[in-house]
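Have a look at the structure below before the remarks.
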Amino acid sequence: MTLKTEPVTINIGPQHPSTHGVFRMRVTFDGEVVVDVEPVLGYLHRGSEKLAEERTYTQVVTLTDRLDYVASMSNNLAYVLTVEKLAGIKPPDRAMYLRVIAAELMRIASHLVFTGFWLNDLGALATPLMYCFREREKILDLFEMLCGARITLSYMRPGGVFQDAPEDFWPALHRFLEEMPNYIDEYEGLITGNEIVLVRAKNVGILSAEKAVNSSISGPILRASGVEWDLRKADPYEIYDRVKFNIPFGGVGDNFDRYFVRVQEMRESLKIIEQCVEQVEPGPVRSEVPFLVRPPKGEAYGRVEAPKGELGFYLVSDGGIAPYRCKIRSPSFINLTILRDILVGWKLADMIVTFGTIDINMGEVDR
Amino acid sequence: MYGLGILQGLTVTFKNLMRKPFTIQYPEERIPQHPRFRGEEFTWYEERCTGCASCAKYCPLGIIKIVTHPGKTNMQEGDYYAIDVFDIDIGRCMFCGLCVEACPYDALFMGSGFEEGQYRRQDLVIPVDRLRKASKRPSTWFRPQLEDKGYNPHTGKELSWRQVGRHQQPSQEDLKEKWAER
């Protein structure tokens, strides 16, 4: 006698402990196996693109903080680069170094949040999260010295950064650079060789390189699939052509690769910061730019390698004080397009873990 | 070998048993903020303010409301506007600090507190009287002249409006050199 079965559709989210933010998935299960996934977005839509149209170019910087709220500096950097491209402003050298230091610190912080929450998804509940947040706290302290805030930073301005780093920032940064490799070693000792993590993550949720490129995936997910593509190398902005670093990339494109690429990226970021600290020279940090920037008529697209992938801003100017149109190409949103491909065929428990490795941020997905 | 993993795990446990905790017990002890911290309860010096409303204009959310009327004429310092209303709605404020950046007369400063919770929304609007009476401990955010002095709003004493400007008051010797005695 055979049992008659039928697929069951379950709602996961928008308020569910294992989804990230207010993300909702309508999942169809056959027993425990995922048959179909349908993402439902828009619960955190605030209309940032529209709001940007009625604010001046400097005021929009505050909006970009709220896109990807665990990596505000990268958003600031992407926006500010675009405005500078549009208006033809050249920031001073020291400002570019400060921006790169800040953006790389933010990358470490963002990857720490990923590591912690991913292990949370794996079932290691709050302990690894606390470890990761311990170091993130140190980075946030550095940001507090730099710009007076911890999350909503608003540090950069078109034409530089608002103010030079205070004197006590540099010794604190040195201390952080000395401590951080030991902490990363600690995580790696606990996680990378851990048998449970390996069983859960190795060869699970495989994304092929071809598929990733076709879906225009960017960031650590693309590199984990074995494609060596990093905007810092492929299209160097700021001062990335003056520093030496490697692009870590994986081979299989499974969950473990996506985790491991991020851990190695943290080490590379530390290398970049060290070189920047050596190369930075005293000087002005802000070029003479009026508060009401009036770029000439035209359009510009600026992009940076944010912690989650390629973050691009497309600005159209009609010669006024506010952008005529502001389009945000957010990596989290584009990276979600592979959701069905990597989830279908896996079980419920793997689904949560694989979804965690995409590392989305709802503030950026819904904008 | 079976059980080796458990032993390895336990060494980590014991290592952390000896470590000092990284967390702090919040209401009893507090992490000190950096002097540059952008905090609540703005510091405002009425003596320095001319009522130009640059701060209101530069605020991305438009939450600063300023009403002025022409004040009395002062021959030495110039005419000025008296301020009737200077409301800051910190319920909607995001502490970006653009108002402070915009102030050309060093009259507005970020505050240094972070525990200004209120029970009612209307209490979050800081009226001008409260701004006048508030303790003057300005944050050094975007005010390099305070940073150069090494001022810390959490430990330092209150600053009067004469001490916070970006220009130093000339000394008597300086004045004597530059100006003929009358």
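Looking at the range B:1-65, the GluC sites (Glu not before Pro) that sit in a DSSP loop and have at most 15 other Cβ atoms within 10 Å of their own Cβ are B:GLU28, B:GLU29, B:GLU46, B:GLU47.
Please report the net charge: other residues with Cβ closer than 14 Å to the Cβ of B:ALA56, K and R +1, D and E -1. Net charge in that neighbourhood comes out at -1. Backbone amide hydrogens, once placed in the peptide plane, bring B:ALA82 within less than 5 Å of B:HIS69, B:GLY71, excluding anything fewer than 5 places away on its chain. Taking every DSSP helix (H) stretch of at least 4 residues in the protein assembly as shown, weighting each as -39,500 (n - 2.57) and dividing the sum by the residue count yields a mean residue ellipticity at 222 nm of -12000 deg cm²/dmol. Between A:ASN246 and A:ARG26, the distance separating the two model label sites (each 7 Å from Cα on the Cα→Cβ line) works out to 4.6 nm. Label zone (A:ILE321, point 7 Å along Cα-to-C-beta; backbone nitrogen cut-off 11 Å) within the range A:51-73: A:55-59. Distance between the modelled labels on A:GLU288 and A:TYR301, one decimal in nanometres: 3.5 nm (7 Å Cα→Cβ projection).
From the Kirkwood radius over Cα pairs of chain A, Stokes-Einstein at 20 °C and 1.002 mPa s returns a whole-number translational diffusion coefficient of 101 µm²/s.
Against chain A, whose longest principal axis is taken from its Cα atoms, helix A:72-87 shows a tilt of about 50°. Counting Lys and Arg as +1 and Asp and Glu as -1 over every other residue whose Cβ lies under 13 Å from the Cβ of B:PRO153, the net charge comes to +3.
Across every direction, the projection of the convex hull enclosing the Cα atoms of the range A:170-242 has a mean area of 7.4 nm². Assuming R0 = 41 Å, can you tell me the calculated FRET efficiency for the pair B:GLU177 and B:ARG132, based on Cβ-Cβ distance, to the nearest 0.05? That pair, B:GLU177 with B:ARG132, gives E of 0.65. Remark: the range A:274-289, residue by residue, has Karplus-estimated 3J(HN,Hα) of 4, 5, 5, 4, 5, 7, 5, 10, x, x, x, 10, 8, 7, 5, 10 Hz, where x stands for each Gly or Pro and the curve is 6.51 cos²θ - 1.76 cosθ + 1.60 at θ = phi - 60°. Set against the 2.2 N^0.38 Å expectation for a compact globular protein, the range A:166-307 has a Cα radius of gyration ratio of 1.32.
To put it simply, the accessible area of chain A at a 1.4 Å probe is 55 percent carbon and sulfur. The distance between label points at B:LYS65 and B:HIS154 comes to 3.4 nm (points 7 Å beyond Cα on the Cα→Cβ vector). Taken along its three principal axes, the alpha carbon spread of the range A:1-88 comes to 75, 20, 20 Å, from the longest extent down to the shortest.
Once the Cβ-Cβ distance of A:LYS4 and A:ALA349 is raised to the sixth power relative to R0 = 41 Å, the FRET efficiency obtained is 0.95. Applying a 4.7 Å cutoff between beta carbons, the unpaired cysteines of chain B are B:CYS49, B:CYS52, B:CYS59, B:CYS93, B:CYS96, B:CYS103.
Around the Cα centre of chain B, unit charges on the Cβ atoms of Lys, Arg, Asp and Glu (plus for the first two, minus for the last two) sum to a dipole of about 500 debye. Other residues with beta-carbon under 15 Å from the beta-carbon of A:GLY13 carry, at +1 per Lys or Arg and -1 per Asp or Glu, a net charge of -1. The calculated FRET efficiency for B:ARG92 paired with A:GLU53, based on their beta-carbon distance and R0 = 25 Å, is about 0.80.
Could you name every residue in the range B:109-153 that has 50 Å² or more less accessible surface in the full protein assembly than in its own chain alone (probe 1.4 Å, ligands and nucleic acids excluded)? Those residues are B:PHE142.
Considering only alpha-carbon pairs that sit under 8 angstrom and 6 or more positions apart, the relative contact order computed for chain A is 27 percent. Accessible surface buried at the A:B interface totals approximately 2200 Å², computed with a 1.4 Å probe on protein heavy atoms.
Overall size of chain B from C-alpha positions, given as principal axis extents largest first: 95, 47, 27 Å.
The order of A:MET156, A:MET130 by accessible area, most exposed first and with a 1.4 Å probe, is A:MET130, A:MET156.
The values are calculated or read from the model by the stated rules, or taken from the named source; none is laboratory data. From a predicted model like this one, the values you see are computed outputs, not experimental measurements. We place every Cβ from the backbone using ideal geometry, glycine too, and count neighbours over all the protein chains shown. Keep in mind that these areas ignore ligands, DNA and RNA; they rest on the heavy atoms of the full protein, side chains included. Shrake-Rupley method; radii C 1.70, N 1.55, O 1.52, S 1.80 Å.
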